[in-house]
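Below: the structure, in structure tokens.
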Amino acid sequence: MIKQTHLTRRNILILVALILIVVDLLIYILALNDYYLIFSSMLSVNMVVFIIHFICVYVFPIVVSKIKASKVFWGIVGPFFLVPVAIVGWFLFFYDNNPDYYYLSSPNSTQTLIIKHSNWSLGETNHYYDFYQSTAFPMMKKKINKETLHIMTRYTDATDLDVLGVYKAKWSEEKTVRFKSKYNEITINLY
């Protein structure tokens, strides 16, 4: 005899929780190995994962509760407990200096270097750069630099890309890119 299982709200929530745990572990393991998921500058993987977690943390107690009073408690009082989580999440995930991405192709178009750049200005301008290389998977990128490149400028109207020297980049054998500007000189080796 075949045992039938019914998909209840509780079983669905348990399944969703397990899927979230697997996704969290996957993202964590990828980050430990310098692989990151990059959709676009408008949509961040961190933002999507945070929103799903936030909704689940709010919905789980309501659905799992068996007593009506408990459901009302979590439905009405729950948001007050979740406000600090939302504020911390906003600062950690949503506010990332609004990074932009620039795709730099090699002369023969065999390699593409992805430059994540942002800046912060308060008297002087701090420019931040991370370099990524495409992988076999479309949204997965390999981070090339271990630490974020930081360049500080004063009294300039140059863009992030001008400060790095992207428009005068020199490629060597499709594997090495050299950026040179009056602010900095750096060589990036692709794998």
Just give me the residues in the range 99-127 being of a type in the set (A, V, I, L, M) and either surrounded by 14 or more Cβ atoms within 10 Å (Cβ to Cβ) or touching a strand residue (DSSP E or B) at 6+ places or on another chain (Cβ under 7 Å) (or both), in sequence order.
104, 113, 114, 115
Within the group 43, 15, 30, 7, which residue is modelled with pLDDT of 85 or more and out of contact with any His (no Cβ under 7 Å at 6 or more places or on another chain)?
30
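Yes or no, residue by residue, for (1) farther than 29 Å from residue 53 by Cα; (2) among the basic types (Lys, Arg):
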| site | (1), (2) |
| --- | --- |
| 75 | no, no |
| 118 | no, no |
| 126 | yes, no |
| 152 | yes, no |
| 168 | yes, yes |
Pairs under 8 Å by beta carbon, first residue within 19 Å of residue 17 (Cβ to Cβ) and of a type in the set (Lys, Arg) in the range 64-91, partner at pLDDT below 75 and not in a helix (DSSP H, G or I), six or more apart or different chains?
71/65
Hey, any hits in the range 157-165 for a residue that's surrounded by 17 or more Cβ atoms within 10 Å (Cβ to Cβ) and in the same structural domain as residue 37 (by TED's automatic domain parsing)?
no
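The values are calculated or read from the model by the stated rules, or taken from the named source; none is laboratory data. None of the values given here were measured: they were computed from a predicted structure. When we count neighbours, we look across all protein chains shown, and the Cβ atoms used for this are built from the backbone with ideal geometry, even at glycine.
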